[in-house]
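J.: Structure below; questions to follow.
The values are calculated or read from the model by the stated rules, or taken from the named source; none is laboratory data. Since we're looking at a predicted model, the values are computed, not measured. Backbone-built Cβ (ideal geometry, glycine too); neighbour counts: all protein chains shown. Just so you know, the surface numbers come from the protein's heavy atoms only, side chains and all, with ligands and any DNA or RNA stripped out. Shrake-Rupley method; radii C 1.70, N 1.55, O 1.52, S 1.80 Å.
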Amino acid sequence: MSEDTRIITNTDEQPGLSRQLSNRHIQLMAIGGAIGTGLFMGSGKTISLAGPSVLFVYMIIGTMLFFVMRAMGELLLSNTGYRSFADFAGDYLGPWAGFFTGWTYWFCWIVTGIADVIAIAGYVAYWWGSLPLWIPALAAVVLLVALNLPTVKAFGETEFWFALIKIVAIVTLIVVGLAMVFTSFVAPNGSESSFGNLWNDGGFFPTGPMGFVAGFQIATFAFVGIELVGTAAAETKDPERNLPKAINSIPIRVMLFYVVALAVIMSVTPWREISGDSSPFVAMFALAGLGIAASVVNFVVLTSAASSANSGIYSTSRMVYGLAQDGDAPGVFARLTPRRVPANALYLSGVFLLSGVVMVVVGDSIIEAFTIVTTISSLCFMFVWSMILVSYIVYRRRRPDLHERSAFPMPGGVVMCYVVLAFFGFLVWAFTQKTDTLHALLVTPAWFVVLGVVWSVLRRRPVQMARAAAHQADARDTHPR
């Protein structure tokens with residue numbers, strides 16, 4: 001393929017991003033990406049909407065996104081010069097696709113980061129209810145930018161420990177919850193812990209088919225960031241070995257950290273008693289009368305939100321850096337510090353995250369603001385995931401030779417791509433079924449209108465015209481008429 005017009009394989013001997021992320025960094029980043037604020041903050045509302053059927057919701061979404069990740073993995077490893085999925089989208093679908101995918105992914109994480117900042121403010125209010133919410137929100141943005149300014153290895157270490165805290169917390173919750181169930185723990189309100197709580201109150205689908213459908217709305221956001229390892233491809237040591245290991249562990253992570261954890265929570269606390277306005281992880285310990293433990297869990301979910309926002313700032317800065325190298329963003333964002341960190345791109349993301357501070361100042365409800373921004377984020381992430389799948393379909397048609405040589409082929413191939421794309425269509429329909437998510441759905445297209453206007457100007461620049469000509473020539477060479 002014609003990579004000489006755009007992609008440079010970055011190694012430690014070449015100027016560019018530095019491959020400092022080791023296997024343990026990538027593994028924990030993948031886990032951190034899959035365990036986000038959506039699980040800790042949003043699962044309460046999901047349970048209140050869907051009841052115990054939420055377990056099937058998380059299993060279905062996790063399974064579908066596993067195939068997205070496998071498609072991404074095969075594409076990234078087909079050419080280790082790819083910095084991220086925006087690169088292969090641009091290669092197979094055209095420069096417009098790289099532009100739309102890269103900037104939409106940036107927007108995804110900005111919106112997600114805003115949700116995380118809102119969540120952080122809410123968690124701090126658990127201890128200091130009288131503290132103005134904008135103070136912890138602003139402090140979070142400043143701290144996260146500072147954490148990302150050193151080397152990428154410093155980011156990897158920060159994310160490693162953030163993710164480790166989340167893992168220990170969820171495993172502890174599962175162990176404590178199981179102990180409560182096996183000892184038939186009775187909460188202060190008289191409810192008894194039992195696995196029977198999963199089916200004794202209306203069965204697994206107590207809110208009916210539409211309640212089950214409604215569960216997909218918030219649950220989708222819990223998985224955003226699952227593709228984070230794809231943006232770290234250019235800074236990963238030995239990607240041929242480390243990326244497959246991280247991707248293949250996704251099903252186990254989904255089962256343990258989502259399905260088992262929420263099953264234990266609903267066994268300890270009957271689903272009707274779980275508030276949709278707060279974290280069920282905190283509420284489980286509080287209901288059991290373990291006030292100190294609840295504070296510890298609140299600290300854990302706070303660090304989880306910080307971890308998610310940390311990942312967002314990292315990934316957006318790298319995406320803008322790549323866009324600037326391609327001429328899709330101002331050249332100032334392609335500059336690196338002596339430690340090879342795209343600081344200007346980092347500052348750009350930090351400035352936009354301040355929107356979260358504004359939202360907690362003017363908003364009436366933390367969970368209401370959280371729902372709006374998470375819906376917009378979920379829709380934009382679905383666009384990015386869809387671009388990965390469409391790129392894979394074109395890759396299979398144009399480069400069957402690369403697929404034949406792949407050491408990490410996607411199971412199900414093109415057929416599963418269409419199955420997952422159909423599932424995304426179902427998710428968009430699900431978002432139309434509730435007023436709050438419908439409003440967010442209706443405003444989301446405005447982002448793509450803005451991108452379309454900007455691209456109509458950029459595409460006439462000489463660098464973009466040269467890239468388009470190279471893409472067309474490459475398409476003719478690999479798929480002759």
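J.: Give all pairs with beta carbons closer than 8 Å in which a residue from region 172-191 that is in contact (Cβ under 8 Å) with a residue 60 or more places away in the chain meets a residue that is exposed (fewer than 12 other Cβ atoms within 10 Å of the Cβ); count only pairs at least 6 apart in sequence or on separate chains.
T.: ALA187/GLY289; PRO188/GLY289
J.: Those residues that are open to solvent by less than 20 Å² (accessible area, probe 1.4 Å) and more than 30 Å from TYR123 (Cα to Cα), I need them from region 38-75; list them, please. Talk me through it step by step, then tell me what you get.
T.: We begin by selecting, within region 38-75, every residue open to solvent by less than 20 Å² (accessible area, probe 1.4 Å); these are 38-44, 46-47, 50-55, 57-58, 61-62, 65, 68-69, 71-75.
VAL68, MET69, ALA71, MET72, GLY73, GLU74, LEU75, listed by residue number.
This table checks each residue for (1) modelled with pLDDT under 80; (2) buried (at least 21 other Cβ atoms within 10 Å of the Cβ).
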| residue | (1), (2) |
| --- | --- |
| CYS108 | no, yes |
| ALA115 | yes, yes |
| TYR126 | yes, no |
| SER130 | yes, no |
| VAL141 | no, yes |
| LYS153 | yes, no |
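J.: A further question follows. Taking region 303-332 only, how many residues are under 14 Å from ALA86 (Cβ atoms) and part of a helix (DSSP H, G or I)?
T.: 11
J.: Is region 436-447 home to any residue that is out of contact with any strand residue (DSSP E or B) (no Cβ under 9 Å at 6 or more places or on another chain), surrounded by 12 or more Cβ atoms within 10 Å (Cβ to Cβ) and not in a helix (DSSP H, G or I)?
T.: Yes: region 436-447 contains one or more residues that are out of contact with any strand residue (DSSP E or B) (no Cβ under 9 Å at 6 or more places or on another chain), surrounded by 12 or more Cβ atoms within 10 Å (Cβ to Cβ) and not in a helix (DSSP H, G or I).
J.: Can you tell me how many residues within region 76-90 are farther than 12 Å from MET387 by Cα and open to solvent by less than 20 Å² (accessible area, probe 1.4 Å)?
T.: Adding up the residues that qualify gives 5.
J.: In region 166-178, what residues are closer than 20 Å to GLY312 by Cβ and surrounded by fewer than 19 Cβ atoms within 10 Å (Cβ to Cβ)?
T.: ILE167 - this is the single residue of region 166-178 that is closer than 20 Å to GLY312 by Cβ and surrounded by fewer than 19 Cβ atoms within 10 Å (Cβ to Cβ).
J.: Within the group SER456, SER386, which residue is polar (S, T, N, Q), open to solvent by less than 50 Å² (accessible area, probe 1.4 Å) and in contact with a helix residue (DSSP H, G or I) (Cβ under 7 Å, 6 or more places away or on another chain)?
T.: Numbers: SER456 fails: in contact with a helix residue (DSSP H, G or I) (Cβ under 7 Å, 6 or more places away or on another chain).
From the options SER456, SER386, the qualifying one is SER386.
J.: Pairs under 7 Å by beta carbon, first residue farther than 13 Å from LEU49 by Cβ and assigned to a loop (DSSP other than H, G, I, E, B) in region 274-286, partner of a type in the set (A, V, I, L, M, F, W, C) and at pLDDT 70 or above, six or more apart or different chains?
T.: Here the result reads SER279/VAL301, each pair linking region 274-286 to a residue that is of a type in the set (A, V, I, L, M, F, W, C) and at pLDDT 70 or above.
J.: Determine if region 394-410 includes at least one residue that is in a helix (DSSP H, G or I) and either among the aromatic types (Phe, Trp, Tyr) or over 22 Å from PHE88 (Cα atoms) (or both).
T.: Checked region 394-410: at least one residue is in a helix (DSSP H, G or I) and either among the aromatic types (Phe, Trp, Tyr) or over 22 Å from PHE88 (Cα atoms) (or both).
J.: Of the numbered conditions (1) in a loop (DSSP other than H, G, I, E, B); (2) open to solvent by 60 Å² or more (accessible area, probe 1.4 Å), VAL415 fails exactly one; give the number of that condition.
T.: Among (1) in a loop (DSSP other than H, G, I, E, B); (2) open to solvent by 60 Å² or more (accessible area, probe 1.4 Å), the lone unmet condition for VAL415 is (1).
J.: Output the residues belonging to region 333-350 that are among the hydrophobic types (A, V, I, L, M, F, W, C) and assigned to a helix (DSSP H, G or I).
T.: Once the filter is applied, which keeps residues that are among the hydrophobic types (A, V, I, L, M, F, W, C) and assigned to a helix (DSSP H, G or I), region 333-350 yields PHE333, ALA334, ALA343, ALA345, LEU346, LEU348.
J.: Separate question: Being modelled with pLDDT of 80 or more and among the acidic types (Asp, Glu) narrows it down to one residue among GLU192, GLU235, GLU227; which is it?
T.: GLU192
J.: Can you find, within region 154-169, the residue that is nearest to ALA343 (Cα to Cα) among those that are in contact with a helix residue (DSSP H, G or I) (Cβ under 8 Å, 6 or more places away or on another chain) and of a type outside the set (A, V, I, L, M)?
T.: Only one residue fits best here, namely PHE155.
J.: Within region 238-259, how many residues are in contact with a Gly (Cβ under 6 Å, 6 or more places away or on another chain) and modelled with pLDDT under 75?
T.: Final tally of qualifying residues: 1.
J.: Restricting region 179-202 to residues that are open to solvent by less than 20 Å² (accessible area, probe 1.4 Å) and not in a helix (DSSP H, G or I), which is nearest to MET255 (Cα to Cα)?
T.: Restricting to residues being open to solvent by less than 20 Å² (accessible area, probe 1.4 Å) and not in a helix (DSSP H, G or I), the top hit is SER193.
J.: Has region 396-409 got at least one residue that is open to solvent by less than 40 Å² (accessible area, probe 1.4 Å), closer than 21 Å to GLY225 by Cβ and not aromatic (Phe, Trp, Tyr)?
T.: No; the residues of region 396-409 include none that is open to solvent by less than 40 Å² (accessible area, probe 1.4 Å), closer than 21 Å to GLY225 by Cβ and not aromatic (Phe, Trp, Tyr).
J.: Cβ-Cβ under 6 Å, sequence separation 6+ or interchain: first residue in region 134-147 and farther than 10 Å from LEU353 by Cα, partner open to solvent by 70 Å² or more (accessible area, probe 1.4 Å). Which pairs?
T.: TRP134/VAL361
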